[in-house]
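The values are calculated or read from the model by the stated rules, or taken from the named source; none is laboratory data. Not measured: the values here are computed from a predicted model. Positions of Cβ are generated from backbone atoms using ideal geometry, with glycine treated the same way; all protein chains shown enter the neighbour counts. What goes into the accessible areas is simple: the full protein's heavy atoms, side chains included, and nothing from ligands, DNA or RNA. Shrake-Rupley method; radii C 1.70, N 1.55, O 1.52, S 1.80 Å.
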Amino acid sequence: MPSGSQDLQKDAMEELDIQIRLYANALELRPVGHPQRAGSLHCLARALRRRFDRFPVLEDLDKCIRLSIEELELRPDGHPQRAKLLEDLGRSLGKRYIRTDSLHDLEESIRLLTEALELRPVGHPDRISTLEGLAEAQARRYRRSGSLNDLDGSIRLYSNALELYPHDHPNRDRFRRDLNQLKRKGGRAAEKY
(Lines give C-alpha, C1' and ligand atoms only; values in the text may rest on other atoms or scores of the structure.)
Protein backbone atom coordinates (compact mmCIF):
# COMPACT_ATOMS: atom_id res chain seq x y z
CA MET A 1 0.00 0.00 0.00
CA PRO A 2 1.51 3.38 -1.01
CA SER A 3 2.35 5.85 1.72
CA GLY A 4 1.00 9.39 1.88
CA SER A 5 4.23 10.85 0.49
CA GLN A 6 4.16 8.35 -2.40
CA ASP A 7 0.59 9.41 -3.17
CA LEU A 8 1.62 13.08 -3.15
CA GLN A 9 4.57 12.33 -5.43
CA LYS A 10 2.31 10.38 -7.80
CA ASP A 11 -0.22 13.24 -7.79
CA ALA A 12 2.53 15.78 -8.52
CA MET A 13 3.80 13.67 -11.41
CA GLU A 14 0.30 13.30 -12.83
CA GLU A 15 -0.29 17.05 -12.53
CA LEU A 16 2.97 17.82 -14.35
CA ASP A 17 2.13 15.25 -17.04
CA ILE A 18 -1.24 16.93 -17.62
CA GLN A 19 0.36 20.40 -17.78
CA ILE A 20 2.96 19.16 -20.27
CA ARG A 21 0.31 17.55 -22.48
CA LEU A 22 -1.77 20.74 -22.45
CA TYR A 23 1.23 22.96 -23.21
CA ALA A 24 2.33 20.58 -25.99
CA ASN A 25 -1.17 20.72 -27.50
CA ALA A 26 -1.12 24.53 -27.33
CA LEU A 27 2.27 24.57 -29.06
CA GLU A 28 0.91 22.41 -31.87
CA LEU A 29 -1.79 25.05 -32.42
CA ARG A 30 0.92 27.74 -32.73
CA PRO A 31 3.15 26.72 -35.65
CA VAL A 32 6.35 28.47 -36.66
CA GLY A 33 5.49 32.08 -37.48
CA HIS A 34 2.55 32.29 -35.05
CA PRO A 35 2.84 35.45 -32.91
CA GLN A 36 2.21 33.50 -29.67
CA ARG A 37 4.58 30.60 -30.39
CA ALA A 38 7.32 31.94 -28.10
CA GLY A 39 4.92 31.98 -25.14
CA SER A 40 3.90 28.38 -25.76
CA LEU A 41 7.54 27.34 -26.10
CA HIS A 42 8.29 29.03 -22.79
CA CYS A 43 5.41 27.39 -20.90
CA LEU A 44 6.24 23.90 -22.19
CA ALA A 45 9.98 24.29 -21.52
CA ARG A 46 9.30 25.55 -17.98
CA ALA A 47 6.96 22.60 -17.25
CA LEU A 48 9.52 20.11 -18.57
CA ARG A 49 12.23 21.73 -16.42
CA ARG A 50 9.99 21.49 -13.34
CA ARG A 51 9.33 17.81 -14.06
CA PHE A 52 13.04 17.19 -14.52
CA ASP A 53 13.75 18.91 -11.19
CA ARG A 54 11.25 16.64 -9.43
CA PHE A 55 11.72 13.44 -11.44
CA PRO A 56 15.10 13.65 -13.21
CA VAL A 57 14.64 12.13 -16.65
CA LEU A 58 17.27 13.47 -19.03
CA GLU A 59 14.86 13.37 -21.99
CA ASP A 60 12.76 16.10 -20.31
CA LEU A 61 15.80 18.32 -19.87
CA ASP A 62 16.94 17.73 -23.47
CA LYS A 63 13.52 18.73 -24.79
CA CYS A 64 13.41 21.76 -22.45
CA ILE A 65 16.76 22.91 -23.86
CA ARG A 66 15.64 22.46 -27.48
CA LEU A 67 12.45 24.45 -26.83
CA SER A 68 14.36 27.16 -24.97
CA ILE A 69 16.82 27.55 -27.85
CA GLU A 70 13.91 28.00 -30.26
CA GLU A 71 12.28 30.51 -27.93
CA LEU A 72 15.52 32.46 -27.56
CA GLU A 73 15.71 32.77 -31.34
CA LEU A 74 12.27 34.43 -31.25
CA ARG A 75 13.37 36.91 -28.54
CA PRO A 76 16.04 39.10 -30.21
CA ASP A 77 18.43 41.52 -28.53
CA GLY A 78 16.46 44.18 -26.69
CA HIS A 79 13.51 41.92 -25.85
CA PRO A 80 12.48 42.46 -22.20
CA GLN A 81 12.52 38.70 -21.45
CA ARG A 82 15.86 37.93 -23.11
CA ALA A 83 17.96 38.02 -19.93
CA LYS A 84 15.59 35.61 -18.16
CA LEU A 85 15.62 33.26 -21.13
CA LEU A 86 19.41 33.35 -21.30
CA GLU A 87 19.64 32.56 -17.59
CA ASP A 88 17.07 29.74 -17.75
CA LEU A 89 18.80 28.15 -20.74
CA GLY A 90 22.23 28.58 -19.16
CA ARG A 91 21.04 26.93 -15.94
CA SER A 92 19.40 24.09 -17.89
CA LEU A 93 22.63 23.44 -19.77
CA GLY A 94 24.45 23.46 -16.42
CA LYS A 95 22.06 20.81 -15.12
CA ARG A 96 22.67 18.70 -18.21
CA TYR A 97 26.43 19.10 -17.76
CA ILE A 98 26.10 17.66 -14.26
CA ARG A 99 24.35 14.60 -15.72
CA THR A 100 26.40 14.11 -18.91
CA ASP A 101 29.78 15.77 -18.22
CA SER A 102 29.57 17.49 -21.63
CA LEU A 103 32.16 20.27 -21.70
CA HIS A 104 30.21 21.91 -24.55
CA ASP A 105 27.16 22.25 -22.29
CA LEU A 106 29.26 23.78 -19.52
CA GLU A 107 30.95 26.26 -21.87
CA GLU A 108 27.62 27.25 -23.42
CA SER A 109 26.09 27.61 -19.95
CA ILE A 110 28.84 30.04 -18.96
CA ARG A 111 28.48 31.99 -22.22
CA LEU A 112 24.71 32.38 -21.83
CA LEU A 113 24.89 33.29 -18.14
CA THR A 114 27.59 35.87 -18.89
CA GLU A 115 25.35 37.41 -21.55
CA ALA A 116 22.41 37.42 -19.12
CA LEU A 117 24.53 39.13 -16.47
CA GLU A 118 25.48 41.86 -18.95
CA LEU A 119 21.75 42.53 -19.43
CA ARG A 120 21.22 42.81 -15.67
CA PRO A 121 23.33 45.74 -14.46
CA VAL A 122 23.96 46.64 -10.84
CA GLY A 123 20.60 47.47 -9.29
CA HIS A 124 18.60 45.04 -11.45
CA PRO A 125 16.31 42.98 -9.16
CA ASP A 126 17.31 39.66 -10.80
CA ARG A 127 21.07 40.29 -10.92
CA ILE A 128 21.71 38.17 -7.83
CA SER A 129 20.17 35.08 -9.44
CA THR A 130 22.36 35.46 -12.51
CA LEU A 131 25.47 36.05 -10.39
CA GLU A 132 24.69 32.85 -8.49
CA GLY A 133 24.18 30.80 -11.66
CA LEU A 134 27.38 32.07 -13.26
CA ALA A 135 29.38 31.57 -10.05
CA GLU A 136 28.18 27.96 -9.87
CA ALA A 137 29.02 27.34 -13.53
CA GLN A 138 32.53 28.77 -13.18
CA ALA A 139 33.07 26.71 -10.02
CA ARG A 140 32.09 23.59 -11.99
CA ARG A 141 34.57 24.48 -14.73
CA TYR A 142 37.25 25.08 -12.09
CA ARG A 143 36.59 21.65 -10.58
CA ARG A 144 36.91 20.12 -14.05
CA SER A 145 39.94 22.02 -15.35
CA GLY A 146 41.69 23.41 -12.27
CA SER A 147 41.87 26.83 -13.94
CA LEU A 148 42.68 29.52 -11.40
CA ASN A 149 40.90 32.06 -13.63
CA ASP A 150 37.66 30.13 -13.14
CA LEU A 151 38.29 29.86 -9.42
CA ASP A 152 38.97 33.60 -9.14
CA GLY A 153 35.93 34.41 -11.28
CA SER A 154 33.68 32.18 -9.21
CA ILE A 155 34.92 33.69 -5.96
CA ARG A 156 34.38 37.21 -7.32
CA LEU A 157 30.84 36.38 -8.50
CA TYR A 158 29.90 34.67 -5.23
CA SER A 159 31.28 37.68 -3.32
CA ASN A 160 29.23 40.08 -5.45
CA ALA A 161 26.09 38.01 -4.91
CA LEU A 162 26.69 37.77 -1.17
CA GLU A 163 26.90 41.57 -0.95
CA LEU A 164 23.46 41.82 -2.57
CA TYR A 165 21.72 39.38 -0.24
CA PRO A 166 19.98 40.97 2.75
CA HIS A 167 21.53 39.85 6.05
CA ASP A 168 18.43 37.82 6.96
CA HIS A 169 18.05 36.08 3.56
CA PRO A 170 17.85 32.25 3.88
CA ASN A 171 20.38 31.71 1.05
CA ARG A 172 23.02 33.91 2.64
CA ASP A 173 24.51 31.16 4.84
CA ARG A 174 24.73 28.72 1.92
CA PHE A 175 26.40 31.40 -0.20
CA ARG A 176 28.89 32.19 2.54
CA ARG A 177 29.68 28.48 2.96
CA ASP A 178 30.17 27.98 -0.82
CA LEU A 179 32.34 31.07 -1.02
CA ASN A 180 34.50 29.97 1.91
CA GLN A 181 34.99 26.52 0.36
CA LEU A 182 36.16 28.11 -2.87
CA LYS A 183 38.50 30.46 -1.04
CA ARG A 184 40.07 27.51 0.80
CA LYS A 185 40.56 25.71 -2.52
CA GLY A 186 42.05 28.90 -3.95
CA GLY A 187 44.59 29.08 -1.16
CA ARG A 188 45.64 25.47 -1.70
CA ALA A 189 45.68 25.90 -5.49
CA ALA A 190 47.86 29.01 -5.28
CA GLU A 191 50.37 27.10 -3.12
CA LYS A 192 50.87 24.62 -5.99
CA TYR A 193 52.20 27.33 -8.33
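Among the candidates 191, 118, 163, the residue that is open to solvent by 90 Å² or more (accessible area, probe 1.4 Å) and at pLDDT 95 or above is uniquely 118. For the residues 176, 127, 144, the requirement of being within 30 Å of residue 43 (Cβ to Cβ) and among the basic types (Lys, Arg) singles out 127. Only residues that are more than 19 Å from residue 73 (Cα to Cα), among the polar types (S, T, N, Q) and open to solvent by 70 Å² or more (accessible area, probe 1.4 Å): list them for the stretch 1-41, please. Correct list: 5, 6, 9, 25. Considering (1) touching a Gly at 6+ places or on another chain (Cβ under 9 Å); (2) surrounded by 19 or more Cβ atoms within 10 Å (Cβ to Cβ), the lone condition that residue 158 does not fulfil carries the number (1).
Going by the structure shown, is residue 99 surrounded by 19 or more Cβ atoms within 10 Å (Cβ to Cβ), touching a residue at least 24 places away in the same chain (Cβ under 8 Å) and more than 21 Å from residue 151 (Cβ to Cβ)? No; evaluated as a whole, the condition is false for this residue. The single condition among (1) over 14 Å from the mean Cα position of the chain (by Cα); (2) within 29 Å of residue 9 (Cβ to Cβ); (3) in a helix (DSSP H, G or I) that residue 97 does not meet is (1). Residues in the stretch 121-135 that are of a type in the set (Asp, Glu) and surrounded by fewer than 22 Cβ atoms within 10 Å (Cβ to Cβ): 126 only. With respect to being under 19 Å from the mean Cα position of the chain (by Cα), within 15 Å of residue 88 (Cα to Cα) and among the hydrophobic types (A, V, I, L, M, F, W, C), residue 157 falls outside the description. Number of residues in the stretch 40-94 that are at negative phi and assigned to a loop (DSSP other than H, G, I, E, B) equals 9.
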